[in-house]
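Written out below as structure tokens is the structure these notes cover.
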Amino acid sequence: MGLGNGARVTAVGERIALPRPPADAAVRVLEDTLTRRQATLRARRRTVWLARLGILVGVIVAWELSSGTLVRTFFVSRPEAVAARLVEWTLNGDLFWHGQFTLTATFIGYMVGALAAILLAWPLGLMPRAYRVAEPYILLAYSIPAVALGPVFILWFGLELLPKIILAAYFVFFVVFINTVAGFRQVPRGLIDVSLVMGASRAALFRTVILPSAVPYVLAALRATLPAAMIGAVVGEFIASNRGLGYLASAAASEYETDGVIAAAFVMAVIVLALTVLLRPLGRVTRWQRGVDVSEGSL
Amino acid sequence: MSTSAPAVRFQSVYKAFIARERAAQPILALEDISFVANPGEFVSLVGPSGCGKSTCLNLVAGLTAPSAGLVEHQGARVSGVNTKVGYITQDDNLLPWRSLVGNVELGLEFRGVPAPERRRRARELIDVVGLIGFEHHYPHELSGGMRKRASIVRTLVYDTDVVLMDEPFGPLDAQTRVILQAELQNLWQRSRPSVLFVTHDLVEAIALSDRIIVFTNRPGTIKREYRVDLPRPRDIFHIHETPGFSDLYDALWADIRAEIGAAHAPVAGERIA
């Protein structure tokens with residue numbers, strides 16, 4: 001038995017080549033398996049959506065039945081009053097007029113916060129010692145309740161769009177910053193060592209190893225923080241404003257119009273939800289990431 | 001540089017570590033290590049876990065510096081990362097965002113080899129290990145054995161005169177392991193670099209090596225050296241039927257067993273046949 005040397009060994013390696021085409025009976029088995037699988041998935045999806053719809057209807061019915069019986073209507077309003085308020089705001093244009101200010105502050109704040117975070121995290125993520133120096137101050141700044149700073153921001157930046165943008169950026173900045181630093185720091189030591197021994201220059205190392213390895217972390221943070229930007233903008237509008245969805249809610253609250261508060265909160269929730277769904281593809285952009293584990297925020 | 005210079009030379013090398021940042025005591029990993037690997041020689045380092053075998057490879061690669069003594073590559077002291085050796089690590093360390101061929105070309109890219117030549121050389125070796133058809137697959141789409149093949153040819157493709165291998169077949173199943181050992185012998189015979197090969201598998205060490213260096217428990221010192229005189233090319237799949245195999249295996253195992261016995265309290269009546 002002369003197995004084992006030279007070309008023979010390579011022949012053994014061919015076992016891993018693509019499988020031969022299956023016979024007719026096997027093809028039928030494969031097709032049936034696929035069909036059954038697809039049917040199962042369809043059924044499962046339908047069940048999930050029906051359950052979701054059921055919960056929505058259940059909550060609205062419970063709300064309707066309890067309002068004025070278990071709880072005073074003054075506190076919780078009624079579904080039809082909220083719906084009526086939404087229709088009214090839509091028809092008289094309030095929704096769009098106020099919405100544009102909130103969305104503008106959200107988007108600009110998001111961009112500014114994310115960009116500043118990435119530009120600051122980049123050098124700090126690559127310089128562990130500099131990061132150690134900066135870390136306590138960054139954590140300190142992160143620990144400040146942004147809402148408490150709101151009035152000061154108004155004092156510094158006026159009543160217009162600027163303080164809202166800054167609050168929105170503030171809510172985005174830290175999550176993106178911390179994730180980007182983590183992205184730069186989590187690059188497996190082995191990948192870096194192997195690349196260095198292979199002859200990578202510092203620039204090549206950054207371009208081919210460190211940056212691609214960090215990108216999924218940054219994208220996950222960008223995906224998770226868009227809703228936070230909107231919360232920041234709305235907080236700003238709550239503190240001092242005469243326009244925006246946050247103003248709409250706070251104005252209704254000051255008149256004890258519960259239906260207005262709930263309607264405004266509902267609109268904001270729907271916008272945040274829509275933005276989150278819209279950004280979902282940003283978390284997993286490329287084929288190589290399938291099967292690669294990237295820890296990310298809760299959204 | 002004279003032609004007679006050994007490919008790798010260790011001269012009274014010591015290596016001490018501080019294992020953790022706040023550890024009170026440094027650990028001595030290597031103590032007075034001296035050996036050479038000659039050009040074209042396949043040398044295996046065997047010994048109990050934690051005896052500093054892998055540290056030896058890191059020293060040759062320049063990823064860590066000796067605490068005392070001298071490590072030379074081609075007659076020159078290693079200081080700083082040594083890009084003139086190839087290093088096949090225990091983990092395959094492929095870039096997950098690069099296809100198989102992209103990974104195999106990586107070293108050539110770092111070394112400034114033009115794209116057409118890169119492509120040609122990468123494809124040639126991918127062919128040798130039977131991975132044609134998988135060039136554009138990403139690492140997570142490949143099996144463990146395929147990834148290991150990729151990481152080996154990625155290092156061999158840029159033709160260094162010394163190749164370091166750290167338990168490259170450790171995590172593989174028994175069959176894949178033997179097939180890859182045979183493929184490695186095959187690849188090695190194409191260009192005949194010196195190889196420093198760390199392994200726990202004594203059969204593997206005998207099948208592949210010209211010389212086997214046995215390390216003691218930590219601190220790692222050299223216990224003994226064995227010359228493997230089995231003729232080449234060897235039939236890896238039936239290596240244990242080769243005359244001379246069992247004597248060598250028994251001698252190696254006796255050495256290793258003494259070291260394992262020294263590390264753990266002996267169990268009453270424990271006996272290896």
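The values are calculated or read from the model by the stated rules, or taken from the named source; none is laboratory data. Computed from a prediction, not measured in an experiment: that's the story for all the values here. Here the Cβ is made from the backbone with ideal geometry for all residues, glycine too, and neighbour counts use every protein chain on show. Heavy atoms of the whole protein, side chains included, go into the accessibility calculation; ligands, DNA and RNA do not. Shrake-Rupley method; radii C 1.70, N 1.55, O 1.52, S 1.80 Å.
Key figures for this structure:
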| read-out | value |
| --- | --- |
| Top-ranked residue in region A:64-89 [being open to solvent by 60 Å² or more (accessible area, probe 1.4 Å) and within 22 Å of A:M268 (Cβ to Cβ); ranked as nearest to the chain's Cα centre (by Cα)] | A:V87 |
| Strands (runs of 3 or more DSSP E) (entirely within region B:174-245) containing at least 3 residues that are closer than 27 Å to B:V157 by Cα and open to solvent by less than 10 Å² (accessible area, probe 1.4 Å) | B:194-198 |
| Yes/no for B:G69 being facing chain A (nearest Cβ under 10 Å) and either open to solvent by less than 50 Å² (accessible area, probe 1.4 Å) or assigned to a loop (DSSP other than H, G, I, E, B) (or both) | no |
| Test: residue in region B:50-60 that is in a strand (DSSP E or B) and at pLDDT below 95 | no |
| Check on B:M165, at pLDDT 95 or above, closer than 22 Å to B:F237 by Cα and either at the interface with chain A (Cβ under 10 Å from one of its Cβ atoms) or surrounded by 16 or more Cβ atoms within 10 Å (Cβ to Cβ) (or both) | yes |
| Residue check for A:Y137: open to solvent by 50 Å² or more (accessible area, probe 1.4 Å) and touching a residue at least 12 places away in the same chain (Cβ under 8 Å) | no |
| Flag for B:T242 being more than 10 Å from chain A (Cβ to nearest Cβ), among the polar types (S, T, N, Q) and in contact with a strand residue (DSSP E or B) (Cβ under 9 Å, 6 or more places away or on another chain) | no |
| Residues of region A:207-244 satisfying the condition of being open to solvent by 40 Å² or more (accessible area, probe 1.4 Å) and within 14 Å of another protein chain (Cβ to nearest Cβ) | A:R207, A:L211, A:V215 |
| Among the residues listed as B:S34, B:S44, the single one being under 14 Å from the mean Cα position of the chain (by Cα), part of a strand (DSSP E or B) and in contact (Cβ under 8 Å) with a residue 12 or more places away in the chain | B:S44 |
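Residue by residue, here is whether (1) under 17 Å from A:G190 (Cβ atoms); (2) of a type in the set (D, E, K, R); (3) surrounded by fewer than 20 Cβ atoms within 10 Å (Cβ to Cβ); (4) touching a His at 6+ places or on another chain (Cβ under 7 Å) holds:
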| site | (1), (2), (3), (4) |
| --- | --- |
| B:A61 | yes, no, no, no |
| B:D92 | yes, yes, no, no |
| B:W97 | yes, no, no, no |
| B:F110 | yes, no, no, no |
| B:P114 | no, no, yes, no |
| B:M146 | no, no, no, no |
| B:A150 | yes, no, no, no |
| B:V153 | no, no, no, no |
| B:T160 | no, no, no, no |
